[in-house]
Amino acid sequence: MTTAISLAVIDDHPLFREGVIRSLGEIDGFAIVGEGSTKEDAIRISENERPDVLLLDISMPGGGLNALPLILERVPDQKIVMLTVSEANDDVTTALKSGAKGYVLKGVGSRALADILRTVASGESYVAPTLSARLISGGGNASSKKAELLRDLTGRESEVLQLVAEGLSNKHIGLKLDLHEKTVKHHMTQIFAKLGVANRTEAAMAFRDALESRG
């Protein structure tokens, strides 16, 4: 029997928080180990309960983005998913650079959220596709250095990266390229190392920069 993924939910809107807890509690494979409404709650619950994944709102007392580095300072391996209404590029970028493993918008359905949490618990990152696409197409500074590093990728790694840039998950990349998901994860590890990036969004942005530099 697979061990349940332990979760904590931090949000200062009680009705929303209770709805998330109830919805996930009805799906097999999840166990709620804590809930709170402030930055201090998030830090305390992460330290004391050590959930597999911490769901964290941005707009709450103390600020979710402010809580992120403080949590990871105390619990470096804590996986944090931002669950928020904010679609601001600055918030997404700050969250990812501060160590969040996921960024999800509050309109998400419970089944989709459960899939995302399983993805993050397994060690992958996730950014809502609409936000990921906007970050990739909307720029950030073009990096000629990363564009050059793309030349170090193998043919298969380049194929994988192109599909990442299209927003596909490891599972769907595996299906498209007829590869085991574990093999795709290995390719992603190699891509991250070669490009010097920390997550899928940064890798996809490097891919975009390379296309731009070619003309």
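The values are calculated or read from the model by the stated rules, or taken from the named source; none is laboratory data. This one's a predicted model, so the numbers in the text were calculated from it and none came from an experiment. Reconstructed Cβ throughout: ideal geometry from the backbone, glycine too, with neighbour counts over all protein chains shown. These area figures cover heavy atoms from the full protein model, side chains too; ligands, DNA and RNA do not enter into them. Shrake-Rupley method; radii C 1.70, N 1.55, O 1.52, S 1.80 Å.
Full extension of the segment from Arg22 to Gln190, taken as 0.36 nm per residue of separation minus the current Cα-Cα distance, would add 56.6 nm.
Relative contact order, percent, of the stretch 1-62 when contacts are C-alpha pairs under 8 Å separated by at least 6 residues? So the answer I get is 46 percent. Provide the percentage of antiparallel DSSP beta bridges, counting only those with both residues in the stretch 1-137; round to the nearest 5. DSSP beta bridges in the stretch 1-137 are roughly 0 percent antiparallel.
Remark: accessible surface ordering of His187, His180, His13 (largest first) is His180, His13, His187, probe radius 1.4 Å. Solvent-accessible area assigned to carbon and sulfur over the chain amounts to 49 percent, based on a 1.4 Å probe.
Summing Cβ point charges (Lys, Arg +1; Asp, Glu -1) relative to the Cα centre of the chain gives a dipole of roughly 600 debye.
Per the Kirkwood formula applied to alpha carbons, the stretch 1-124 shows a radius of gyration over Rh ratio, Rg over Rh, of 0.92.
Here the Kirkwood formula puts the hydrodynamic radius of the chain at 17.9 Å, using every distinct Cα pair. In this view, the solvent-accessible surface of Asp115, computed with a 1.4 Å probe and all protein chains in place, comes to about 90 Å². Normalised per residue, the accessible area of the chain is 51 Å², obtained with a 1.4 Å probe and no contribution from ligands, DNA or RNA. Leu168 contributes an accessible area of around 40 Å² to the protein surface, as traced by a 1.4 Å probe with all chains present. For the chain, the 222 nm mean residue ellipticity estimated from helices alone, with every DSSP H stretch of n ≥ 4 adding -39500 (n - 2.57) and the total spread over all residues, rounds to -16500 deg cm²/dmol. Working from the Cα coordinates of the stretch 1-50, the gyration tensor eigenvalues give, after taking √(5λ), semi-axes of 20, 15, 4 Å in decreasing order. For the pair Glu159 and Leu70 in one chain, pulling the backbone fully straight at 0.36 nm per residue adds 28.3 nm over the alpha carbon distance.
Considering only Ile116, Ser158, Pro61, and ranking their Cα positions along the charge dipole of the chain that arises from unit charges at the beta-carbon of Lys, Arg, Asp and Glu, the one farthest toward the positive end is Ser158. Rounded to the nearest 20, the Cβ-based charge dipole of the stretch 10-103 about its Cα centre (Lys and Arg +1, Asp and Glu -1) stands at 220 debye. Between helix 155-165 and the chain there is an angle of about 50 degrees, using the helix long axis and the longest principal axis of the Cα atoms.
Going by accessible surface with a 1.4 Å probe and the largest first, Glu26, Glu159 read Glu26, Glu159.
In the context of the full protein assembly, Leu70 retains an accessible surface of approximately 60 Å², using a probe radius of 1.4 Å and ignoring ligands and nucleic acids. Shown is the FRET efficiency for Lys182 and Ala112, computed with R0 = 25 Å from the Cβ-Cβ distance and rounded to the nearest 0.05: 0.60.
Largest accessible area first, the residues Ser122, Ser6, Ser23 order themselves as Ser122, Ser23, Ser6 under a 1.4 Å probe with ligands, DNA and RNA left out.
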